[in-house]
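Contents: one structure, followed by commentary.
The values are calculated or read from the model by the stated rules, or taken from the named source; none is laboratory data. Every value quoted in this text rests on a predicted model; they were computed, and no experiment measured them. Glycine also receives a Cβ, built like all others from the backbone with ideal geometry; neighbour counts cover every protein chain displayed.
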Amino acid sequence: MAESVDDVAAYLLERLGAVDPARLQRLVYYTQAWHLADHHVHLFEDPIEARADGPVVLRLHDQADGRDQVHEWPAGDPRRVGARARDVIEWVLRSYGPFPDGELARIVRAEAPWRLARQGRRVARRSTRFVDPTVMAIYYDRLRASPDVAVLVAVGSARLEGHEFGPPEVDLLRAAATGTRAADDIVAELVRRNRAS
């Protein structure tokens with residue numbers, strides 16, 4: 001059975017203390033995303049709107065509207081959050097909690113689920129489109145893939161877009177996926193190669 005988004009928000013605030021409402025929205029988004037990836041079911045049933053500044057659960061937005069900081073969530077009870085949901089929320093807090101607000105906003109807006117939902121919308125224009133939970137589940141599940149699977153997915157995605165990778169490029173992808181080389185170093189090498197050719 002799905003959790004209440006209000007209980008999830010209350011749990012996050014109990015652990016974090018006062019936060020900016022937009023930060024709360026982004027962390028709630030990531031709890032849904034990783035719960036979908038890990039368990040293939042929704043953490044909560046509320047849809048997530050793809051607004052210009054990031055994902056928004058309308059029920060949370062309406063309750064926090066106009067506040068600079070959210071200290072508590074009276075509509076929710078953190079004690080009602082189940083053990084499996086708590087595990088996902090705690091993982092999200094460890095993984096995303098340390099990021100400053102601006103960096104967290106940049107990350108969520110760079111990822112495919114939000115971008116696909118915003119596709120065709122002007123940057124500042126409000127969207128009534130929702131982030132597709134199926135896209136979220138697939139996208140975040142793939143982020144946990146083994147390096148070999150990650151390389152296969154990257155090569156397959158590139159082929160769908162009309163690009164082919166030769167063995168040297170596949171080796172670079174594998175180096176990035178296994179963490180043996182920094183992505184910035186690989187990009188710099190590819191830029192040098194393209195300039196030389």
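Scanning the stretch 11-20 for residues that are surrounded by fewer than 23 Cβ atoms within 10 Å (Cβ to Cβ) and either under 11 Å from the mean Cα position of the chain (by Cα) or closer than 13 Å to residue 89 by Cβ (or both) yields 13, 14, 15, 16.
Give the stretch 54-68 a look and list any residue that's surrounded by 14 or more Cβ atoms within 10 Å (Cβ to Cβ) and of a type outside the set (A, V, I, L, M), or say none.
54, 55, 59, 61, 63 - these are the residues of the stretch 54-68 that are surrounded by 14 or more Cβ atoms within 10 Å (Cβ to Cβ) and of a type outside the set (A, V, I, L, M).
Restrict the check to the stretch 21-40 and report whether at least one residue is surrounded by fewer than 21 Cβ atoms within 10 Å (Cβ to Cβ), farther than 20 Å from residue 140 by Cβ and in contact with a helix residue (DSSP H, G or I) (Cβ under 6 Å, 6 or more places away or on another chain). Among the residues of the stretch 21-40, at least one is surrounded by fewer than 21 Cβ atoms within 10 Å (Cβ to Cβ), farther than 20 Å from residue 140 by Cβ and in contact with a helix residue (DSSP H, G or I) (Cβ under 6 Å, 6 or more places away or on another chain), which makes the answer yes. All of (1) within 28 Å of residue 43 (Cα to Cα); (2) of a type in the set (A, V, I, L, M, F, W, C); (3) at pLDDT below 90 hold for residue 83 with one exception: (3).
Applying the criterion of at least 2 residues that are modelled with pLDDT of 80 or more and farther than 20 Å from residue 27 by Cβ to the helices (runs of 4 or more DSSP H) found wholly in the stretch 95-197 leaves 133-143, 147-160, 167-178, 183-196. Looking across 71, 61, one residue alone is touching a residue at least 40 places away in the same chain (Cβ under 8 Å) and within 20 Å of the chain's Cα centre (by Cα). It is 61. Residues of the stretch 28-58 that are β-branched (Val, Ile, Thr), in contact (Cβ under 8 Å) with a residue 60 or more places away in the chain and under 17 Å from residue 118 (Cβ atoms): 48 alone.
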